[in-house]
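Enquirer: My questions will all concern the structure given below.
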Amino acid sequence: MNSESSQSLSKTTKGILNKYGIKLNKNLGQNYLIDKNKRDQIINFGNLTKDDVVLEIGTGIGTLTIELAKKAGKVIAIEQDTKIANILSERLEEEKIDNVELINDDALNIDFPKFNKIISNLPYQISSPITFKFLNYDFDLAVLMYQKEFARRMNGQVNTKDYSRLSAMLYFKCDVEKLTDVSSESFIPKPQIDSTVVKLTPKENKISKDDFKVYSNYTKALFQHRNKKIRNALIDSRHVVCDLDKKEMKNKINSIENDEINEYLKKRVTAISPEEILFLSKELNLILNG
C-alpha cells in the first residue's frame, strides 16, 4: 500500500470526506478502502464486460462504484446513508457516468433489480443477513469482502469452531473460494482485524427450492443452539420449523421409530454434515408438519 497510486486513492478519499465534513462511523461498517491496488484487484476478479449488470451493496463515496461503471454495462449501487449517497450522486455527475442506478435504501429491506454479478466491500455488520439474502437470487458470481473471521466460517467444516449456519447454508448453494487477504491498513478508519475477499460461484441444481426452504429453516433452528443435541435444539427452536407447542413437539419426536433419525437426534448440532441436515429436515418436516 506504499505505492504512489495507493497514496493517491487515500488522498482523494480523505479530500472528499473533508470537503463534505463526513466523519466515518466504523460501528456502522463505514470502513473505506484506500488501497488502489486492492481496489483494482477486486474489480478484476469480477471479469467484467459490458454485458454485466453488477450489484454493489454499501457503495460509500464510490471507490468501487465509479471503476465498476467503467467496465460493466450497468451498476446497481445501494447505499443506506443519504448524505453519502448524495455525495456519490454528485461524483457520478462530475465524472459524466450515466450507467449507475443509485438506490438510497437499506439493502436488507428491498428487492434487488435484475443483476448477474455482485462485487462489494460489504458493511461488516450486515455480512450474515445480506449473504443469506444473496442466496435467494440467481447470479453468475459474487466477489465480496468480509472480515477475515467471517470469511473463514464460510467454508467451516463439520466438528470445527468455524462450522456454522453460514457454512451449512452455503454448502448447497455456492462454491466458496478465498481470493486474497486485505490488511486493516488498507482502510480508513482502520478496522480491528484484516479482511478477506472471496468468490461465490453458484452450484447448479444441487437442491430444489422447496427442499432448500425446509433445509434453511432447520439449519436456522439447529444453529441457534449449536452446542446442544439436535433433539433439544429443535425443541427449543420449534417455532422456526413448525406450529407445535412444546408438549406436542416432544410427543411427536418421542414417537419416531426410525432408528437412523433417532441416532441423529442424539448427536450434537456441530457433529452432522449439511447432507445429514438435509436428510433430517426432509424426514422431520413430514413428521412435524404432516
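Enquirer: Can you grab the distance from the C-alpha centre of segment 215-244 to the C-alpha centre of segment 128-205, Å, no decimals?
Expert: So the two Cα centres are separated by 23 Å.
Enquirer: Amide H to amide H under 5 Å from ILE76: which residues, 5+ apart in sequence or cross-chain, H placed 1.01 Å off N in plane?
Expert: Placed amide hydrogens put VAL54, LEU55, GLU56, GLU101 under 5 Å from ILE76.
Enquirer: What shape does segment 209-290 take by its C-alpha gyration tensor, where a ≥ b ≥ c are the square roots of the eigenvalues and a/c under 1.5 counts as rounded, a/b above b/c as prolate, and the rest as oblate?
Expert: rounded
Enquirer: Collect residues whose amide H, placed 1.01 Å from N in the peptide plane, falls under 5 Å from the amide H of PHE187; neighbours closer than 5 in sequence don't count.
Expert: ILE34
Enquirer: Quick check: from the Cα gyration tensor, does the chain come out rounded (a/c under 1.5), prolate or oblate? Intermediate results must be reported in sequence, preceding the final value.
Expert: Numbers: a/c = 2.48, a/b = 2.25, b/c = 1.10.
In terms of gyration-tensor shape, prolate.
Enquirer: Test of the criteria: in segment 33-105, which trypsin sites (Lys or Arg not before Pro) are in a DSSP loop and have at most 15 other Cβ atoms within 10 angstrom of their Cβ? Can you show the working numbers first?
Expert: Working: sites: LYS36, LYS38, ARG39, LYS50, LYS70, LYS71, LYS74, LYS83, ARG91, LYS96; in loops: LYS50, LYS96.
Here the sparse-neighbourhood loop sites are LYS50, LYS96.
Enquirer: Let me ask another. Return the distance in nm (one decimal) between the two label points of a simple spin-label model at SER128 and ASN18, each offset 7 Å from Cα along Cα→Cβ.
Expert: 3.9 nm
Enquirer: A further question on this structure: Measuring from label point to label point, each 7 Å out along Cα→Cβ, what is the LYS161 to ASN232 span in nm?
Expert: Going from the LYS161 label point to the ASN232 one covers 2.2 nm.
Enquirer: Related question: With Cβ to Cβ distances under 11 Å as the rule, what net charge do the other residues near ARG165 carry (K, R +1; D, E -1)?
Expert: Around ARG165, the charge tally is +3.
Enquirer: Right, next: Got a sec to turn the phi values of segment 161-170 into Karplus ³J(HN,Hα) couplings, 6.51 cos²θ - 1.76 cosθ + 1.60 with θ = phi - 60°, whole Hz, x for Gly and Pro?
Expert: Computed from phi, the couplings for segment 161-170 are 5, 7, 6, 8, 4, 4, 5, 5, 5, 5 Hz.
Enquirer: State, to one decimal in nm, how far the label point of LYS206 lies from the label point of ARG91, with both points 7 Å from Cα in the Cβ direction.
Expert: 3.4 nm
Enquirer: Exactly which trypsin sites (Lys or Arg not before Pro) in segment 171-213 are in a DSSP loop and have at most 14 other Cβ atoms within 10 Å? Provide the component values of the computation, followed by the final result.
Expert: Numbers: sites: LYS173, LYS178, LYS199, LYS203, LYS206, LYS209, LYS213; in loops: LYS203, LYS206.
Listed in order of number, the matching sites are LYS203, LYS206.
Enquirer: A follow-up question, please. Between ASP140 and LYS178, how high is the FRET efficiency from 1/(1 + (r/R0)^6) when r is the Cβ-Cβ distance and R₀ = 25 Å? Nearest 0.05.
Expert: On the way: r = 19 Å, r/R0 = 0.76.
Efficiency, rounded to the nearest 0.05: 0.85.
Enquirer: What's the local net charge at ASN262, with K and R +1, D and E -1, over the other residues with C-beta under 12 Å away?
Expert: Numbers: positive: LYS229, ARG231, LYS266, LYS267; negative: GLU257, ASP259, GLU260, GLU263, GLU283.
For residues surrounding ASN262, the net value is -1.
Enquirer: Further question: For LYS11, give me every one of the lysines with a C-alpha distance below 25 angstrom, ignoring sequence neighbours fewer than eight places off in its own chain.
Expert: The reachable lysines, counting only those whose Cα sits under 25 Å from LYS11, are LYS19, LYS23, LYS26, LYS36, LYS38, LYS70, LYS71, LYS83, LYS96, LYS190.
Enquirer: If you plug each phi of segment 273-290 into the Karplus form 6.51 cos²θ - 1.76 cosθ + 1.60 with θ = phi - 60°, what whole-Hz ³J(HN,Hα) values come out, in order, with x for Gly and Pro?
Expert: Karplus values, whole Hz, x for Gly and Pro: 7, x, 4, 6, 5, 4, 4, 4, 5, 5, 5, 5, 4, 5, 6, 7, 10, x.
Enquirer: Given H placed 1.01 Å from N in the peptide plane, which residues other than close sequence neighbours of PHE139 have an amide H under 5 Å from its amide H?
Expert: Residues meeting the amide H criterion: none.
Enquirer: Apply the Karplus curve 6.51 cos²θ - 1.76 cosθ + 1.60, θ = phi - 60°, to the phi angles in segment 72-82 and return the couplings in whole Hz, x for Gly and Pro.
Expert: Running phi through 6.51 cos²θ - 1.76 cosθ + 1.60 with θ = phi - 60° gives 9, x, 7, 10, 9, 10, 10, 9, 7, 6, 4 Hz.
Enquirer: When DSSP beta bridges are limited to those with both residues in the chain, what percentage is antiparallel, rounded to the nearest 5?
Expert: Beta bridges within the chain, antiparallel portion: roughly 50 percent.
Every read-out reported here was derived from the displayed coordinates using simple, explicitly stated rules and does not represent laboratory data. A quick note: this is a predicted structure, and the numbers were derived from the prediction, not measured. Cβ sites come from the backbone with ideal geometry, for glycine too, and all protein chains shown count toward neighbours.
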